[in-house]
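Asks: Can you read through this structure? Questions will come right after.
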Amino acid sequence: MRCPFCGYTEDKVIDSRLSQDGSVTRRRRECLQCSKRFTTYERVEEMLPMVVKKDGTREPFDRTKILAGIKKACEKRPVSMEAIEEAIDRIEARFIESGEKEIPSSAIGEAVMEALRALDEVAYVRFASVYREFRDINEFMKELKELLHTKKK
């Protein structure tokens with residue numbers, strides 16, 4: 001593992017812990033050159049499907065893109081990183097378990113919206129406004145009314 005501070009490639013593991021569900025190992029490491037400490041996360045590499053974009057191009061499933069989108073939507077909202085990580089874990093597991101070799105990017109977007117709706121309604125509306133490319137206030141209001149309608153049920 002390369003030290004994020006000095007770039008040295010030798011370190012020692014100080015502590016290892018499993019996540020609550022046992023799918024991720026958290027390791028505290030100490031660089032043998034600069035003695036600074038850093039954390040790494042280790043997870044089993046799953047066979048993730050390819051993502052088919054709107055324009056037909058294909059790219060590997062990328063957890064970090066989902067994380068970036070959810071973090072942006074949840075900015076300045078009372079949503080913990082733990083809750084965000086759990087939501088992403090569920091999204092990722094859903095697509096792995098589907099057994100599909102390819103999935104449309106729209107399916108990922110809808111899964112993210114579903115997760116955000118459960119996490120934080122403001123974050124959901126923020127994400128929806130970008131994802132659905134609202135062109136005017138009427139489209140925005142329609143989404144809000146739908147959110148309020150489903151909340152009353």
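Asks: Residue by residue through segment 51-76, note down the ones that are under 16 Å from the mean Cα position of the chain (by Cα) and surrounded by 13 or more Cβ atoms within 10 Å (Cβ to Cβ).
Replies: Start the filter on segment 51-76 by keeping residues that are under 16 Å from the mean Cα position of the chain (by Cα), which leaves 51, 60-75.
Scanning segment 51-76 gives V51, F61, R63, K65, I66, L67, G69, I70, K71, A73, C74.
Asks: Do we have any residue at all in segment 53-67 that's assigned to a helix (DSSP H, G or I), free of Cβ contacts under 8 Å to residues at least 60 places away in the same chain and of a type in the set (F, W, Y)? Lay out the reasoning, then the answer.
Replies: Going through segment 53-67, the residues assigned to a helix (DSSP H, G or I) turn out to be 63-67.
Now restrict to residues that are free of Cβ contacts under 8 Å to residues at least 60 places away in the same chain: 63-67.
Checking which are of a type in the set (F, W, Y) leaves us with none.
Scanning segment 53-67, I find no residue that is assigned to a helix (DSSP H, G or I), free of Cβ contacts under 8 Å to residues at least 60 places away in the same chain and of a type in the set (F, W, Y), so the answer is no.
Asks: Among residues belonging to segment 124-137 that are more than 22 Å from V51 (Cβ to Cβ) and assigned to a loop (DSSP other than H, G, I, E, B), point out the one that is nearest to the chain's Cα centre (by Cα).
Replies: F134
Asks: I'm told I84 meets every condition in (1) among the β-branched types (V, I, T); (2) surrounded by 14 or more Cβ atoms within 10 Å (Cβ to Cβ); (3) in contact with a strand residue (DSSP E or B) (Cβ under 8 Å, 6 or more places away or on another chain) except one. Can you identify the failing condition by its number?
Replies: The number of the failed condition is (3).
Asks: On to the next question. Which condition number in (1) touching a residue at least 12 places away in the same chain (Cβ under 8 Å); (2) over 24 Å from R132 (Cβ atoms) is the one that Q20 fails?
Replies: Among (1) touching a residue at least 12 places away in the same chain (Cβ under 8 Å); (2) over 24 Å from R132 (Cβ atoms), the lone unmet condition for Q20 is (1).
Asks: Going by the conditions given, is R37 of a type in the set (D, E, K, R) and at pLDDT 90 or above?
Replies: Against the criterion (of a type in the set (D, E, K, R) and at pLDDT 90 or above), R37 qualifies.
Asks: Let me ask another. Which one of E121, E110, E92, E100 is within 19 Å of K53 (Cα to Cα), touching a residue at least 12 places away in the same chain (Cβ under 8 Å) and surrounded by fewer than 16 Cβ atoms within 10 Å (Cβ to Cβ)?
Replies: Working: E121 fails: within 19 Å of K53 (Cα to Cα); E110 fails: touching a residue at least 12 places away in the same chain (Cβ under 8 Å); E92 fails: surrounded by fewer than 16 Cβ atoms within 10 Å (Cβ to Cβ).
The unique qualifying residue is E100.
Asks: Moving on to the next point. Taking E86, is it under 18 Å from V24 (Cα atoms), acidic (D, E), at pLDDT below 95 and touching a helix residue (DSSP H, G or I) at 6+ places or on another chain (Cβ under 8 Å)?
Replies: Numbers: under 18 Å from V24 (Cα atoms): yes; acidic (D, E): yes; at pLDDT below 95: yes; touching a helix residue (DSSP H, G or I) at 6+ places or on another chain (Cβ under 8 Å): no.
Here the answer is no, as E86 does not meet what is asked.
The values are calculated or read from the model by the stated rules, or taken from the named source; none is laboratory data. Not measured: the values here are computed from a predicted model. Positions of Cβ are generated from backbone atoms using ideal geometry, with glycine treated the same way; all protein chains shown enter the neighbour counts.
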